[in-house]
1. Quick check: Cα centre of region 23-93 to Cα centre of region 124-187, how many Å?
2. Can you tell me the accessible area per residue over the chain, all protein chains present, probe 1.4 angstrom, in square angstrom?
3. Given a cut-off of 20 Å, what percent of all Cα-Cα pairs of region 1-73 lie beyond it?
4. List the relative contact order of region 1-82 as a percent without decimals, with contacts defined as Cα pairs under 8 Å and 6+ residues apart.
5. Which percent of Cα pairs goes in each bin when the distances of region 45-119 are cut into 10 angstrom slices starting at zero?
6. Counting pairs of Cα atoms in the chain, how many percent are more than 35 Å apart?
7. Report the antiparallel proportion of the DSSP beta bridges in the chain as a percent, rounded to a multiple of 5.
8. Considering the dipole of region 1-129 built from charges on the beta carbon (Lys and Arg +1, Asp and Glu -1) around the Cα centre, which of 78, 20, 129 is farthest to its positive end?
Amino acid sequence: MKKINWNEYFDNYKMTFDYHTHTIFSHGKGTIEENVKKAIEQGLKAIAISDHGPGHLTYGVKRSDFPLMRKEIKELRIKYPEIDIYLSVEANIISKGNHLDLKEKEKEQFDFIIAGYHYGILNGYCMQNWIERHTNQKELFGKKLMLKNTDMTVKALYENKIKILTHPCDKGRFDIEAISKACEETGTWMEISTWHDNLTVEEIKASQKYDVKYVISSDAHTVNRVGSYRGGIKRAVKAGLDLSRIVNIERV
Ligand SMILES: [Zn+2]
Ligand SMILES: [Zn+2]
(Lines give C-alpha, C1' and ligand atoms only; values in the text may rest on other atoms or scores of the structure.)
(Ligands and ions follow the chains in the order given, each with its own letter.)
Protein backbone atom coordinates (compact mmCIF):
# COMPACT_ATOMS: atom_id res chain seq x y z
CA MET A 1 0.00 0.00 0.00
CA LYS A 2 1.20 3.50 -0.88
CA LYS A 3 2.40 5.43 2.13
CA ILE A 4 0.15 8.39 2.84
CA ASN A 5 1.80 11.78 3.27
CA TRP A 6 -0.36 13.10 6.09
CA ASN A 7 1.28 16.50 6.11
CA GLU A 8 -0.13 17.10 2.65
CA TYR A 9 -3.66 16.61 4.05
CA PHE A 10 -2.94 18.73 7.08
CA ASP A 11 -1.56 21.55 4.91
CA ASN A 12 -4.55 21.37 2.56
CA TYR A 13 -7.40 21.23 5.07
CA LYS A 14 -8.27 23.28 8.09
CA MET A 15 -11.01 23.08 10.69
CA THR A 16 -13.69 25.76 10.54
CA PHE A 17 -15.54 25.20 13.82
CA ASP A 18 -15.39 23.07 16.95
CA TYR A 19 -18.80 22.38 18.45
CA HIS A 20 -17.71 20.06 21.25
CA THR A 21 -15.62 21.62 24.03
CA HIS A 22 -15.83 21.41 27.81
CA THR A 23 -15.08 23.94 30.54
CA ILE A 24 -14.87 24.18 34.32
CA PHE A 25 -18.69 24.17 34.39
CA SER A 26 -18.45 20.37 34.02
CA HIS A 27 -15.06 18.67 34.27
CA GLY A 28 -13.04 20.64 31.76
CA LYS A 29 -9.97 22.57 32.87
CA GLY A 30 -10.46 25.86 30.98
CA THR A 31 -12.91 28.72 31.37
CA ILE A 32 -15.32 29.63 28.58
CA GLU A 33 -13.15 32.63 27.69
CA GLU A 34 -9.97 30.54 27.56
CA ASN A 35 -11.63 28.10 25.14
CA VAL A 36 -12.84 31.01 23.00
CA LYS A 37 -9.40 32.62 22.88
CA LYS A 38 -7.82 29.32 21.87
CA ALA A 39 -10.43 28.85 19.13
CA ILE A 40 -9.60 32.30 17.73
CA GLU A 41 -5.90 31.46 17.85
CA GLN A 42 -6.65 28.28 15.88
CA GLY A 43 -8.43 30.33 13.23
CA LEU A 44 -11.89 28.89 13.90
CA LYS A 45 -14.99 30.78 12.81
CA ALA A 46 -17.17 29.34 15.57
CA ILE A 47 -17.03 27.42 18.84
CA ALA A 48 -19.64 25.82 21.04
CA ILE A 49 -19.39 25.33 24.77
CA SER A 50 -21.00 21.94 25.28
CA ASP A 51 -20.55 20.81 28.84
CA HIS A 52 -22.01 17.58 30.20
CA GLY A 53 -25.76 17.34 30.68
CA PRO A 54 -27.18 17.75 34.19
CA GLY A 55 -28.04 14.06 34.53
CA HIS A 56 -24.41 13.04 34.81
CA LEU A 57 -23.87 12.22 38.47
CA THR A 58 -20.30 13.51 38.72
CA TYR A 59 -19.60 15.75 35.71
CA GLY A 60 -23.03 17.22 34.95
CA VAL A 61 -23.50 20.99 34.85
CA LYS A 62 -25.60 22.25 37.75
CA ARG A 63 -28.95 23.31 36.25
CA SER A 64 -28.60 26.70 37.93
CA ASP A 65 -25.32 27.31 36.07
CA PHE A 66 -26.78 27.38 32.56
CA PRO A 67 -28.10 30.96 32.89
CA LEU A 68 -24.65 32.04 34.15
CA MET A 69 -23.02 30.43 31.12
CA ARG A 70 -25.51 32.15 28.85
CA LYS A 71 -24.73 35.51 30.43
CA GLU A 72 -20.99 34.99 30.11
CA ILE A 73 -21.32 34.00 26.45
CA LYS A 74 -23.43 37.09 25.78
CA GLU A 75 -20.60 39.26 27.09
CA LEU A 76 -17.91 37.32 25.23
CA ARG A 77 -19.80 37.73 21.96
CA ILE A 78 -19.33 41.46 22.31
CA LYS A 79 -15.70 41.17 23.39
CA TYR A 80 -14.76 38.75 20.57
CA PRO A 81 -16.88 39.66 17.52
CA GLU A 82 -14.47 37.78 15.25
CA ILE A 83 -15.90 34.41 16.32
CA ASP A 84 -19.39 32.95 16.77
CA ILE A 85 -19.86 31.55 20.26
CA TYR A 86 -22.69 29.14 21.03
CA LEU A 87 -24.10 27.72 24.22
CA SER A 88 -24.70 24.02 23.74
CA VAL A 89 -24.83 21.00 26.05
CA GLU A 90 -23.62 17.44 25.61
CA ALA A 91 -26.83 15.84 26.82
CA ASN A 92 -26.74 12.26 28.09
CA ILE A 93 -28.64 9.57 26.24
CA ILE A 94 -30.75 7.63 28.74
CA SER A 95 -33.30 4.82 28.60
CA LYS A 96 -36.25 6.76 30.03
CA GLY A 97 -38.57 9.67 29.12
CA ASN A 98 -37.51 11.62 26.03
CA HIS A 99 -34.23 9.65 26.16
CA LEU A 100 -32.15 12.70 27.10
CA ASP A 101 -31.36 14.14 30.53
CA LEU A 102 -33.06 17.42 29.63
CA LYS A 103 -36.65 18.39 30.23
CA GLU A 104 -38.55 19.87 27.28
CA LYS A 105 -38.52 23.35 28.84
CA GLU A 106 -34.80 23.26 29.52
CA LYS A 107 -33.93 22.68 25.88
CA GLU A 108 -34.86 26.23 24.90
CA GLN A 109 -31.89 27.79 26.67
CA PHE A 110 -29.36 26.26 24.25
CA ASP A 111 -28.43 27.39 20.76
CA PHE A 112 -28.38 23.69 19.87
CA ILE A 113 -28.00 20.35 21.60
CA ILE A 114 -25.42 17.65 21.03
CA ALA A 115 -25.77 14.27 22.74
CA GLY A 116 -23.89 11.10 23.51
CA TYR A 117 -23.82 8.03 25.70
CA HIS A 118 -21.82 8.11 28.94
CA TYR A 119 -21.35 6.15 32.14
CA GLY A 120 -22.31 7.90 35.35
CA ILE A 121 -26.01 8.32 34.62
CA LEU A 122 -28.97 6.72 36.35
CA ASN A 123 -30.91 5.07 33.51
CA GLY A 124 -28.79 3.70 30.71
CA TYR A 125 -27.41 0.23 31.53
CA CYS A 126 -24.13 1.82 32.65
CA MET A 127 -23.03 -0.92 34.98
CA GLN A 128 -23.49 -3.66 32.34
CA ASN A 129 -21.75 -1.66 29.61
CA TRP A 130 -18.92 -0.71 31.92
CA ILE A 131 -18.33 -4.33 32.95
CA GLU A 132 -18.25 -5.48 29.33
CA ARG A 133 -15.76 -2.76 28.35
CA HIS A 134 -13.47 -3.10 31.34
CA THR A 135 -13.29 -6.87 31.85
CA ASN A 136 -12.58 -9.77 29.53
CA GLN A 137 -16.28 -10.62 29.30
CA LYS A 138 -16.85 -8.67 26.09
CA GLU A 139 -20.37 -9.92 25.35
CA LEU A 140 -21.43 -10.98 28.82
CA PHE A 141 -24.93 -9.52 28.49
CA GLY A 142 -25.47 -10.81 24.96
CA LYS A 143 -27.27 -9.33 22.00
CA LYS A 144 -30.00 -8.00 24.27
CA LEU A 145 -27.74 -5.29 25.72
CA MET A 146 -26.60 -4.20 22.25
CA LEU A 147 -30.25 -3.89 21.18
CA LYS A 148 -31.15 -1.88 24.30
CA ASN A 149 -28.18 0.49 23.77
CA THR A 150 -29.15 0.98 20.14
CA ASP A 151 -32.83 1.42 20.94
CA MET A 152 -32.31 4.25 23.45
CA THR A 153 -29.93 6.03 21.05
CA VAL A 154 -32.26 5.79 18.07
CA LYS A 155 -35.20 6.96 20.18
CA ALA A 156 -33.18 9.91 21.51
CA LEU A 157 -32.42 10.91 17.92
CA TYR A 158 -36.07 10.84 16.80
CA GLU A 159 -37.56 12.40 19.92
CA ASN A 160 -35.19 15.38 20.20
CA LYS A 161 -33.53 17.82 17.88
CA ILE A 162 -29.88 16.80 18.17
CA LYS A 163 -27.25 18.49 16.03
CA ILE A 164 -24.40 16.05 16.69
CA LEU A 165 -24.35 12.48 17.95
CA THR A 166 -21.10 12.54 19.93
CA HIS A 167 -18.63 9.63 19.81
CA PRO A 168 -21.16 7.12 18.40
CA CYS A 169 -20.55 3.50 19.52
CA ASP A 170 -18.31 4.56 22.41
CA LYS A 171 -18.72 2.98 25.88
CA GLY A 172 -20.94 0.10 24.79
CA ARG A 173 -22.02 -2.15 21.92
CA PHE A 174 -24.31 -0.49 19.39
CA ASP A 175 -25.73 -1.38 15.96
CA ILE A 176 -23.88 1.11 13.76
CA GLU A 177 -26.23 0.47 10.81
CA ALA A 178 -29.38 1.33 12.79
CA ILE A 179 -27.73 4.40 14.31
CA SER A 180 -26.46 5.66 10.95
CA LYS A 181 -29.90 5.24 9.41
CA ALA A 182 -31.46 7.24 12.27
CA CYS A 183 -28.84 9.98 11.81
CA GLU A 184 -29.64 10.05 8.09
CA GLU A 185 -33.37 10.37 8.70
CA THR A 186 -33.03 13.01 11.42
CA GLY A 187 -30.23 14.99 9.75
CA THR A 188 -27.93 14.50 12.74
CA TRP A 189 -24.20 14.87 12.12
CA MET A 190 -22.09 11.90 13.21
CA GLU A 191 -19.02 12.89 15.17
CA ILE A 192 -15.49 11.77 14.43
CA SER A 193 -13.86 12.50 17.77
CA THR A 194 -10.18 13.27 18.08
CA TRP A 195 -10.39 12.38 21.77
CA HIS A 196 -12.37 9.11 21.69
CA ASP A 197 -11.63 6.18 19.38
CA ASN A 198 -15.17 6.15 17.99
CA LEU A 199 -16.23 6.45 15.30
CA THR A 200 -13.52 3.95 14.38
CA VAL A 201 -12.32 3.47 10.81
CA GLU A 202 -14.60 0.41 10.54
CA GLU A 203 -17.57 2.34 11.87
CA ILE A 204 -17.00 5.18 9.40
CA LYS A 205 -16.87 2.58 6.62
CA ALA A 206 -20.21 1.10 7.75
CA SER A 207 -21.95 4.45 8.27
CA GLN A 208 -20.92 6.12 5.02
CA LYS A 209 -23.36 3.94 3.05
CA TYR A 210 -26.06 6.14 4.57
CA ASP A 211 -26.64 9.71 3.53
CA VAL A 212 -25.09 11.22 6.67
CA LYS A 213 -22.78 14.15 7.26
CA TYR A 214 -19.84 14.03 9.64
CA VAL A 215 -18.28 16.56 11.98
CA ILE A 216 -14.83 16.42 13.57
CA SER A 217 -14.71 17.47 17.23
CA SER A 218 -11.93 17.92 19.74
CA ASP A 219 -14.08 17.06 22.78
CA ALA A 220 -11.47 19.26 24.48
CA HIS A 221 -11.37 19.07 28.25
CA THR A 222 -8.22 21.19 28.30
CA VAL A 223 -7.73 24.51 26.55
CA ASN A 224 -4.80 23.37 24.42
CA ARG A 225 -6.95 20.72 22.67
CA VAL A 226 -9.60 23.15 21.37
CA GLY A 227 -9.60 22.91 17.58
CA SER A 228 -7.83 19.53 17.41
CA TYR A 229 -8.89 17.86 14.13
CA ARG A 230 -5.96 16.06 12.47
CA GLY A 231 -6.71 12.64 13.96
CA GLY A 232 -10.24 12.94 12.57
CA ILE A 233 -8.98 13.55 9.04
CA LYS A 234 -6.65 10.57 9.36
CA ARG A 235 -9.46 8.24 10.36
CA ALA A 236 -11.75 9.55 7.62
CA VAL A 237 -9.09 9.08 4.93
CA LYS A 238 -8.30 5.56 6.15
CA ALA A 239 -12.01 4.73 5.89
CA GLY A 240 -12.14 6.07 2.33
CA LEU A 241 -14.64 8.77 3.27
CA ASP A 242 -15.29 11.57 0.79
CA LEU A 243 -13.94 14.49 2.85
CA SER A 244 -16.55 16.88 1.46
CA ARG A 245 -19.02 15.04 3.73
CA ILE A 246 -17.27 16.50 6.80
CA VAL A 247 -19.11 19.74 7.53
CA ASN A 248 -16.36 21.55 9.40
CA ILE A 249 -13.20 21.23 7.33
CA GLU A 250 -12.35 23.25 4.28
CA ARG A 251 -9.56 23.28 1.72
CA VAL A 252 -7.03 26.01 2.19
ZN1 LIG B 1 -18.92 12.60 25.65
ZN1 LIG C 1 -17.60 15.62 25.57
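The values are calculated or read from the model by the stated rules, or taken from the named source; none is laboratory data. Computed from a predicted model, the values in this text were never measured in an experiment. Cβ: placed from backbone, ideal geometry, glycine included. Neighbour counts: every protein chain shown. The accessibility values were calculated without ligands, DNA or RNA, using every heavy atom of the protein model including side chains. Shrake-Rupley method; radii C 1.70, N 1.55, O 1.52, S 1.80 Å.
1. 26 Å
2. Value for the chain: 48 Å² per residue.
3. On the way: 1133 of 2628 pairs.
Counting pairs separated by more than 20 Å, the tail of P(r) holds 43 percent.
4. Values: 77 pairs, mean separation 22.3, N = 82.
Computed over region 1-82, the figure is 27 percent.
5. Percent of Cα pairs in each bin: 19, 50, 24, 6, 0.
6. That fraction is 12 percent.
7. 15 percent
8. Going by the Cα projections, it comes out as 129.
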